[in-house]
Amino acid sequence: MKRLHIGFDDTDSKDGMCTTYVGAVVIDRLIEMGAKIIDYPRLIRLNPNWILKTRGNCAIAIEVEVEDDLIVKIKNMVLDTVEKLAELDYETTNPGVVFLESKNIPEELRAFSRKVIQDIVTIDEAEELAKKIGAEFFKFKIGRGIIGALAAIGERLEEDFTYELIAYRVPSNRGKERRIDRESVFKMNELTYPITFDNIDPYTNEIRITPHTPCPILYGIRAENPFIAEKAHRMVKAFEPIERWVIYKTNQATDEHIKSAKISDVQPYRSFSIKGEVCEKPRIIAGGHVIFKIKDDSGSIDCAAYEPTRKFREIVMKLAIGDIVRVNGGVKPKPNLPLTINLEKMEVIRLSRILKKLNPICPLCKKRMKSAGKEKGFVCKNCKKKLPKDAITIEEIPRSIKLGVYEVPPRARRHLAKPLSRIL
Ligand code: ATP
């Protein structure tokens with residue numbers, strides 16, 4: 001018996017296909033061939049700020065135990081499936097397949113996976129590593145997919161992880177409007193949330209389990225464990241046939257893409273968690289986006305809650321200079337604009353006191369007094385009582401935001417961002 005790790009990526013285009021679907025087909029074929037699949041197949045989300053991703057930047061890995069004489073047949077089946085299903089006519093589709101025959105995953109490969117999830121690597125780096133660890137790789141066209149393929153094999157999901165059950169449409173329905181019973185999704189959510197999550201956007205009542213792209217996915221149900229994912233799937237009523245479904249173990253909803261950093265460490269196309277002090281008040285800019293600035297001992301940086309984050313922006317607007325926050329978010333450079341953290345989550349750690357000078361209260365009538373004129377102190381309009389100018393009071397304005405963690409709504413959430421329902 002041999003242990004074989006299979007990884008692949010970069011099979012889809014904006015107009016169709018999805019690497020998770022290729023995974024589902026490969027899994028069914030592996031079962032038909034008599035391969036023993038170890039644990040759940042893995043759906044690994046990679047750097048969400050990577051510019052060359054098609055959609056959600058995911059790659060697939062499957063681990064199997066097989067009789068020695070099946071190995072070649074299995075490898076050929078995987079290569080054949082990827083070749084037949086991948087959208088090879090699209091210039092940007094460059095599949096890569098990696099096989100690693102080993103029981104253990106080398107530490108270097110684990111480190112590489114972390115880098116692909118949090119940072120950027122080159123095809124050459126991936127090739128070099130594959131050769132070093134004795135992994136076989138196959139490149140279709142320029143084969144950029146070997147990066148994701150290797151990364152998926154190396155991410156073992158030994159710490160935090162979740163599951164996603166994905167149901168696929170029959171080919172004749174792909175590209176058409178998805179037909180599922182909304183009510184059944186609400187009911188499923190009522191019965192299974194928060195063990196399933198991101199089913200519905202609570203602010204807009206939008207169904208979040210169905211994608212809006214022409215890909216083969218009918219819906220995906222995210223869950224803490226595979227049993228509840230399957231139960232939830234049975235509760236959702238589809239008005240169209242489901243070709244097949246699969247449950248993946250995944251790094252979705254784990255914040256694995258985020259690196260703790262100081263402001264001076266921030267680089268474009270990565271995601272960071274930064275603790276800082278609000279040093280410029282939030283302001284609304286054209287398009288309804290909210291921008292504010294934070295500083296730490298290494299510098300200052302803009303933070304943005306973009307329009308699609310809706311109600312989250314209202315919370316951000318309540319921040320004041322001096323508040324201490326921890327922000328999580330990705331950085332994508334925009335022409336002629338400074339680097340900006342695109343907020344995914346924000347923890348309000350300490351609120352500054354907002355003090356305001358106010359005219360004193362009349363000691364007799366208990367009403368707020370008026371100014372008696374420049375440098376002339378105060379006068380009560382009612383009883384004409386006078387007080388000197390040093391009777392001015394300093395009062396604390398109550399803050400309308402509470403300490404705690406706030407997040408963008410599900411409609412604006414990245415696949416990798418950990419929802420509060422999984423934290424609190
Ligand atoms: P889908 O999720 O539907 O499979 P996708 O959004 O994953 O599509 P791909 O078509 O797979 O996008 O394209 C991403 C390509 O970029 C892949 O070839 C992958 O190997 C590569 N890639 C992913 N992350 C990184 C990274 N951090 N650095 C360099 N290359 C990366």
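The values are calculated or read from the model by the stated rules, or taken from the named source; none is laboratory data. Small disclaimer: the values here were computed from a predicted structure and weren't measured. Cβ sites come from the backbone with ideal geometry, for glycine too, and all protein chains shown count toward neighbours. The protein model used for the area step is the full one, side chains on, heavy atoms only, and it has no ligands, DNA or RNA in it. Shrake-Rupley method; radii C 1.70, N 1.55, O 1.52, S 1.80 Å.
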Going residue by residue through the range 264-278, is there one that turns out to be crowded, with 19+ Cβ neighbours inside 10 Å, touching a His at 6+ places or on another chain (Cβ under 7 Å) and under 22 Å from Val25 (Cα atoms)?
no
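Which ranges mark the helices (runs of 4 or more DSSP H) fully within the range 24-135 that have 2 or more residues being more than 19 Å from Asp160 (Cα to Cα)? Steps first, please.
Values: elements: 71-85, 107-118, 123-133.
In the range 24-135, 71-85, 123-133 are the helices (runs of 4 or more DSSP H) which contain 2 or more residues that are more than 19 Å from Asp160 (Cα to Cα).
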I want to confirm something. Restricting to the range 221-249 and keeping residues that are within 15 Å of Tyr193 (Cβ to Cβ), under 21 Å from the mean Cα position of the chain (by Cα) and not polar (S, T, N, Q), which single residue is most open to solvent (accessible area, probe 1.4 Å)?
Glu224
Name the one entry in Val278, Val290, Val246 that is assigned by TED's automatic domain parsing to the domain that holds Pro171 and in a strand (DSSP E or B).
Val246
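If you go through the range 40-50 one residue at a time, how many are open to solvent by 40 Å² or more (accessible area, probe 1.4 Å) and more than 21 Å from Thr81 (Cβ to Cβ)? Can you show your working first?
Going through the range 40-50, the residues open to solvent by 40 Å² or more (accessible area, probe 1.4 Å) turn out to be 40, 50.
Those still in the list that are more than 21 Å from Thr81 (Cβ to Cβ) too: 50.
Total satisfying the criteria: 1.
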Spot the failing condition for Asn199; the list is (1) open to solvent by 30 Å² or more (accessible area, probe 1.4 Å); (2) out of contact with any Asp or Glu (no Cβ under 8 Å at 6 or more places or on another chain), and only one is missed.
(1)
Which condition number in (1) open to solvent by 30 Å² or more (accessible area, probe 1.4 Å); (2) within 16 Å of the ligand (Cβ to nearest atom); (3) not hydrophobic (A, V, I, L, M, F, W, C) is the one that Arg156 fails?
(2)
So Val325, is it over 54 Å from the mean Cα position of the chain (by Cα), of a type in the set (Val, Ile, Thr) and either open to solvent by less than 50 Å² (accessible area, probe 1.4 Å) or closer than 28 Å to Asp255 by Cα (or both)
no
Give Thr92, Thr11, Thr19 a once-over and let me know the one that is within 25 Å of the chain's Cα centre (by Cα), open to solvent by 10 Å² or more (accessible area, probe 1.4 Å) and either closer than 29 Å to Ile221 by Cβ or not assigned by TED's automatic domain parsing to the domain that holds Lys332 (or both).
Thr92
Quick one: what pairs do we get from the range 22-38, first residue of a type in the set (Lys, Arg), second assigned to a loop (DSSP other than H, G, I, E, B), C-beta under 9 Å, 6+ apart or different chains?
Arg29/Ala35; Lys36/Met1
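Report yes if Lys53 is under 25 Å from Pro211 (Cβ atoms), free of Cβ contacts under 8 Å to residues at least 24 places away in the same chain, open to solvent by 20 Å² or more (accessible area, probe 1.4 Å) and more than 14 Å from the ligand (Cβ to nearest atom), otherwise no. Give the steps one after another, and end with the answer.
Details: under 25 Å from Pro211 (Cβ atoms): yes; free of Cβ contacts under 8 Å to residues at least 24 places away in the same chain: yes; open to solvent by 20 Å² or more (accessible area, probe 1.4 Å): yes; more than 14 Å from the ligand (Cβ to nearest atom): no.
No: the conditions fail for Lys53.
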Output for Cβ contacts, cut-off 8 Å, separation at least six or different chains, first residue on the phi > 0 side of the Ramachandran plot in the range 237-253, second assigned to a strand (DSSP E or B) and open to solvent by 20 Å² or more (accessible area, probe 1.4 Å), reads Ala253/Arg222
Determine whether the range 107-124 contains at least one residue that is more than 10 Å from the ligand (Cβ to nearest atom), closer than 25 Å to Asp68 by Cα and among the charged types (D, E, K, R).
no
Which numbered condition trips up Ile166, out of (1) open to solvent by 60 Å² or more (accessible area, probe 1.4 Å); (2) under 20 Å from the mean Cα position of the chain (by Cα); (3) within 15 Å of the ligand (Cβ to nearest atom)?
(1)
